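What follows is a set of notes on a single structure, which appears directly below.
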Amino acid sequence: MQRQFDWGRFLLIAIPFLWLLIFFLLPFAIVVKISLSDTANALPPYVPTLNLSEGWSGITSFFSQLDLESFAWLLDDKIYFLSYLNSLKIAFISTLLTLLIGYPMAYGLAKAPQRWRTVLLMLVILPFWTSFLIRVYAWIGILKPEGLLNMGLMSIGLIDQPLAIINTPTAVYIGIVYSYLPFLVLPLYATLEKLDQTLIEAALDLGCSPIQAFWKVTFPLSLPGVVAGCFLVFIPAMGEFVIPDLLGGSDTIMIGKTLWSEFFGNRDWPVASAVAVVLLLSLVVPIVIFQRIQERQREAEA
Amino acid sequence: MADAPEQRKVFAPWLDTTQKPLIRFENVTKRFGDYTALDNLTLDIYEREFFALLGPSGCGKTTMLRLLAGFETPTSGRILIGGEDISHVPPNKRPVNMMFQSYALFPHMTVEKNIGFGLKQEGQSAEAINERVKEMLALVQLEPFAQRKPHQLSGGQRQRVALARSLAKRPTLLLLDEPLGALDKKLREKTQFELMTLQEKLGMTFMIVTHDQEEAMTMASRIAVMDKGVVMQLDTPSDIYEAPNSRYVADFIGNVNFIECTVISHNGQEYQLKDKQGNQFRLISEVQLETGSTIWLAVRPEKVIVSKEQPQGDVNAVQGIVWDIAYSGDTSTYHVRLPDGTTLKSEMANLRRVRNRPITWEDTVWLSWSLTAAVPLKR
């Protein structure tokens with residue numbers, strides 16, 4: 001007997017695919033296409049543009065004009081490579097810093113008495129209620145030479161001269177760690193909260209001190225949460241534009257900033273698109289790793 | 001002992017005044033907020049005992065176990081192991097290991113690593129650990145599973161790993177927290193005997209927490225029946241069953257009939273009793289009963305015989321109507337309603353096939369029990 005085609009099932013599955021197609025794959029195809037074009041003093045500022053009125057010859061001439069020139073350009077000028085490298089470095093270090101600050105926070109949350117947890121979780125989520133941009137601007141007010149931090153430190157006599165924090169990489173680290181902390185704390189909290197307390201008791205019972213029990217049981221079992229949290233910080237930090245632009249000054253080169261200046265400063269859409277394509281492809285690798293780990297975790301739980 | 005060389009040697013160190021207890025609870029009280037989990041508990045446990053803590057949930061038995069393991073500290077009083085006060089020694093410094101109810105196996109470690117965990121923590125050499133782990137794996141018959149992770153094992157196998165892990169360090173005292181709770185009935189019975197054999201073979205002291213009275217009866221050398229943080233009775237399984245000291249204990253262990261009576265008179269150890277309806281009973285008991293006092297007669301259903309004819313001879317007998325028959329294969333329990341509306345139970349072995357059974361619903365029958373069958377309870 002032939003099974004009847006299940007339209008309901010098909011539609012249900014089709015929705016997310018359609019969503020991805022319209023809002024990710026199509027725009028990405030356009031970006032790829034622009035990255036293969038050449039700049040031009042025109043509107044839009046690149047050639048070729050597809051002209052269907054010329055029929056088949058229009059299509060062939062369109063494709064014949066596409067080339068990898070913009071990608072070659074990325075290799076020619078060191079600025080792009082340095083931006084990638086610097087972004088990688090900043091994303092890596094800020095992820096590490098976020099983990100160092102976020103782990104104790106998540107651990108504390110998970111160990112807090114039940115009636116406190118909701119309140120504490122609210123406090124972690126609360127910053128999201130204010131615009132991201134405003135919160136980053138607020139950091140300028142805190143970090144600038146005559147800002148809150150320097151004034152505070154000088155008034156209690158800890159320093160005589162204001163610290164130069166704003167417009168340095170330090171400010172970028174502060175900004176990223178601050179902005180992305182909840183993304184690390186929340187998945188990590190979820191993992192730690194699920195952790196069976198009797199496992200810790202078993203470790204203590206078998207001769208571990210509380211610190212040993214943490215490193216031998218709690219930490220290894222929280223790794224899925226650590227990995228999830230780290231990726232949620234690392235991936236957006238890699239392409240971050242607002243924070244280095246507002247807090248990092250001209251010294252901090254990051255790929256997001258380079259992309260922005262290519263796009264709006266130089267009006268070089270093809271090169272900007274090429275940068276975006278490379279950035280995306282370079283992030284696909286960690287994302288795939290991330291998904292693999294999640295899958296494995298789900299298997300282990302099943 | 002020297003004064004009784006002929007007597008068969010019975011394991012009963014608690015009767016021997018020269019024996020020093022391995023574990024001593026001295027006036028231990030544990031409170032959580034204003035809730036008292038353990039109330040002024042004093043208790044001795046001897047070496048090589050298989051000691052069972054029995055009681056409903058919330059009676060304080062798990063608290064006792066956790067106090068011994070070191071996860072809780074007493075609010076007042078002392079806990080001694082081998083004469084040494086360990087009340088405030090952290091769990092990792094105690095000669096005690098625990099087998100957890102949930103097994104608490106480390107999910108990120110293989111069976112082998114789980115069993116060797118405590119040994120590695122002690123800082124033993126790799127060869128020594130390896131050897132001991134092999135020995136433990138052989139003991140619980142899990143050699144082929146050494147490299148598996150806990151989630152790749154069945155419930156019974158996990159239970160064995162947990163047992164092997166808690167035995168690996170050769171603890172002075174092994175604590176077992178409802179160790180068989182997650183197993184099905186057949187496997188549970190099998191494991192009970194395995195645990196007993198193991199305990200005897202290793203010569204270790206076991207302390208088990210359970211709410212399953214059958215489990216406690218089967219395995220334990222002594223049972224402490226607990227209620228609301230207090231030990232109601234501490235005795236051997238047979239004494240707990242045959243000579244309960246209170247209605248609570250009698251009711252908690254097995255099935256029982258209670259008959260409220262007044263003591264009318266006595267002649268030596270033979271007492272004359274009367275219940276509220278005026279039925280007279282005779283009782284032979286070593287317990288001293290005051291004439292005029294109210295007591296409860298506890299009679300186990302299997303000691304009550306149900307018959308159609310009036311029983312002859314030296315027995316107590318009452319008449320009633322069969323209200324219900326609970327058939328459970330090997331035995332049937334007859335619920336017999338007396339004229340005053342109370343029900344007495346009689347459990348009879350099904351020696352004949354059910355269809356040949358002479359007694360059925362609504363029959364008028366006699367219930368009888370011997371003069372020594374009942375136990376008088378004052379509380």
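Points worth noting:
- Any hit, the range B:109-116, residues being within 29 Å of residue B:182 (Cβ to Cβ), open to solvent by 20 Å² or more (accessible area, probe 1.4 Å), part of a helix (DSSP H, G or I) and touching a residue at least 40 places away in the same chain (Cβ under 8 Å): no
- Some residue of the range A:247-256 being within 19 Å of residue A:176 (Cα to Cα), of a type in the set (D, E, K, R) and touching a Gly at 6+ places or on another chain (Cβ under 9 Å): no
- Residue in the range B:94-103 that is within 23 Å of residue A:220 (Cα to Cα), touching a residue at least 12 places away in the same chain (Cβ under 8 Å), more than 9 Å from every other protein chain (Cβ to nearest Cβ) and in contact with a Leu (Cβ under 6 Å, 6 or more places away or on another chain) present: yes
- Among residues of the range B:274-298 being assigned to a strand (DSSP E or B) and in contact (Cβ under 8 Å) with a residue 60 or more places away in the chain, the one that is surrounded by the most Cβ atoms within 10 Å (Cβ to Cβ) is B:283.
- When A:176, A:165 are checked against the criterion of being open to solvent by less than 30 Å² (accessible area, probe 1.4 Å), outside any helix (DSSP H, G or I) and away from chain B (no Cβ under 14 Å), a single residue qualifies: A:165.
- Applying the criterion of being in contact with a Phe, Trp or Tyr (Cβ under 9 Å, 6 or more places away or on another chain) and of a type in the set (Val, Ile, Thr) to the residues of the range B:250-261, the residue that is nearest to residue B:367 (Cα to Cα) is B:259.
- If the condition is being outside any helix (DSSP H, G or I) and without any contact (Cβ under 8 Å) to a residue 12 or more places away in the chain, then the range B:148-169 contributes only B:154.
- Test result for residue B:211, touching a Pro at 6+ places or on another chain (Cβ under 7 Å) and open to solvent by 40 Å² or more (accessible area, probe 1.4 Å): yes
- Subset tally (residues that are under 21 Å from residue A:114 (Cβ atoms) and within 14 Å of chain B (Cβ to nearest Cβ)) for the range A:186-207: 9
- Residues of the range B:67-93 satisfying the condition of being under 25 Å from the mean Cα position of the chain (by Cα), away from chain A (no Cβ under 14 Å), over 16 Å from residue B:205 (Cα atoms) and outside any strand (DSSP E or B): B:74
- The helices (runs of 4 or more DSSP H) found wholly in the range A:208-258 and carrying at least 1 residues that are farther than 28 Å from residue A:273 by Cα and away from chain B (no Cβ under 14 Å) occupy A:219-238.
- Within this structure, residue A:183 fails the test of being within 14 Å of chain B (Cβ to nearest Cβ), open to solvent by 30 Å² or more (accessible area, probe 1.4 Å) and within 19 Å of residue A:95 (Cβ to Cβ).
- Within the range B:41-57, the set of residues being of a type in the set (Gly, Ala, Ser) and either open to solvent by less than 50 Å² (accessible area, probe 1.4 Å) or in contact with a Leu (Cβ under 7 Å, 6 or more places away or on another chain) (or both) comprises B:52, B:55.
- The set of residues from the range A:128-152 being in a helix (DSSP H, G or I) and open to solvent by less than 40 Å² (accessible area, probe 1.4 Å) comprises A:135, A:136, A:141, A:143, A:150, A:152.
The values are calculated or read from the model by the stated rules, or taken from the named source; none is laboratory data. This structure is a prediction, so every number in the text was calculated from the model and none was measured. Neighbour counts are summed over all protein chains in view; Cβ atoms, including those assigned to glycine, are modelled from backbone coordinates with ideal geometry. Calculation scope for accessible area: heavy atoms of the full protein, side chains included, ligands and nucleic acids excluded. Shrake-Rupley method; radii C 1.70, N 1.55, O 1.52, S 1.80 Å.
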